[in-house]
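Reading through the structure tokens given below for one structure.
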Amino acid sequence: MNTEWNKIIISVIIFFVIYYGLYVLQQQFLARIKKIHFANPVWKNIAIDVVGKFKKVSFFIFALLITLLTVEMQPHWQVIVQRCMKVVILFHLGQLSVLVLKMWLKQQLSGSPSEDQNKITTINLIALISQFIIYSLIFLLILNNLGVDITALIAGLGVGGVAIALAVQNILSDLFSSLTIILDKPFIVGDNIRVGEFDGLVEKIGLKTTRLKSVSGEHLVIGNSDLLQSRIRNFKHMNERRVLHNLTIVYQTPADILEKIPTWVEEIISQNPLTHFERCHLLRFLDSALDFELVYWVKSSDFLLYAEASQKVNLAIIRKFALEKVEFAYPTTTIYTGK
């Protein structure tokens, strides 16, 4: 009798040591990790949230099962306890995987200036699909642990999964492309972008398509997968606009006048507070003209300011050339005849 009571007392002690040991480890981990500085606080927050989600009931179950494994019992009961232990571990692993995924997606969205209901919907949908996949794998592992033959089930799920994937591959491609756009942020709502020959203002990033409002007023609807396969030019962070002009001058212009043209152009551009000069050179001899290549910058990304600055520069060049009697060239054919 005393021996039996000793075993019970030892088991109770083991239970409480494991139970309170897990609880103390959790609290110590949380206290220490909060003091550690991370370059990227995302994973720190995820670790705190995940470890903090462990409840006392989980510690109770783990402590009870571990204690039962130390108790002498019949072999079939020991097998049952071991399988229960594996099931509990697999279940918690599934929950932790889903929790980590949710926390990571939530951290990716937090603090985003362009966060809207559509993005939240996309994240929730991706999270739902991922949860289904994770819980399906955990369920199959649990069945396998309980001794169920899952070979036929896996084969059936594989065939069904392939059929479903083929049926909705375009939708899934656009869906995951939408997630890529939201997380990687090649552009956000409100950016002015150019995709191929199309450009416009991003108005909405949907689950399947992204909508742009073009400069001419119509809406452009582009599939997200097609969008990511294209070269995207984002003008949001453009602080200046580069202007390239070709000034064609007639061949009859004297060389000393040609030599002064870059200086005149530089003075005109430097007088405008919105522009700064880069270069102006006589680069090519065309069929009917001498070609000067002019490059300067407009100190604004606003198209209206760019157009106004370019117009002032162009008018000033025209006036200067008229004053100096420098003629612009245009396609001509000159025929020389001789006796």
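The values are calculated or read from the model by the stated rules, or taken from the named source; none is laboratory data. Just so it is clear, the structure is predicted and the values come from calculations on it, not from any experiment. FYI the Cβ positions are ideal-geometry reconstructions off the backbone, even for glycines, and counts take in every protein chain you see.
For the residues I257, I269, the requirement of being out of contact with any Gly (no Cβ under 6 Å at 6 or more places or on another chain), in the same structural domain as D302 (by TED's automatic domain parsing), farther than 22 Å from S310 by Cβ and at pLDDT 85 or above singles out I257.
From I18, I8, I13, grab the single residue that is at pLDDT 75 or above, among the hydrophobic types (A, V, I, L, M, F, W, C) and over 50 Å from the mean Cα position of the chain (by Cα).
Working: I18 fails: over 50 Å from the mean Cα position of the chain (by Cα); I8 fails: at pLDDT 75 or above.
Criteria check complete, one pass: I13.
Please count how many residues of region 212-235 are over 15 Å from the mean Cα position of the chain (by Cα) and without any contact (Cβ under 8 Å) to a residue 12 or more places away in the chain. Adding up the residues that qualify gives 4.
Checking the conditions here, which among T67, T3 is farther than 25 Å from F139 by Cβ and at pLDDT 70 or above? Can you show your working first?
Values: T3 fails: at pLDDT 70 or above.
Of T67, T3, the one residue that is farther than 25 Å from F139 by Cβ and at pLDDT 70 or above is T67.
Looking at (1) under 27 Å from H237 (Cβ atoms); (2) at pLDDT below 75; (3) surrounded by fewer than 19 Cβ atoms within 10 Å (Cβ to Cβ); (4) β-branched (V, I, T), which is the one condition that is false for I182? The one condition I182 does not meet is (3).
Scanning region 251-270 for residues that are without any contact (Cβ under 8 Å) to a residue 24 or more places away in the chain and assigned to a loop (DSSP other than H, G, I, E, B) yields a count of 1.
Residues in region 300-326 that are surrounded by 14 or more Cβ atoms within 10 Å (Cβ to Cβ) and under 16 Å from Q252 (Cβ atoms): F321, V326. Candidates in region 225-245 are the residues that are under 18 Å from S300 (Cβ atoms) and in contact with a Lys or Arg (Cβ under 9 Å, 6 or more places away or on another chain); of these, the one that is surrounded by the most Cβ atoms within 10 Å (Cβ to Cβ) is R241.
Residues that are more than 35 Å from the chain's Cα centre (by Cα) and among the hydrophobic types (A, V, I, L, M, F, W, C) within region 236-278 comprise L247, I249, V250, A255, I257, L258, I261, W264, V265, I268, I269, F277, listed in sequence order.
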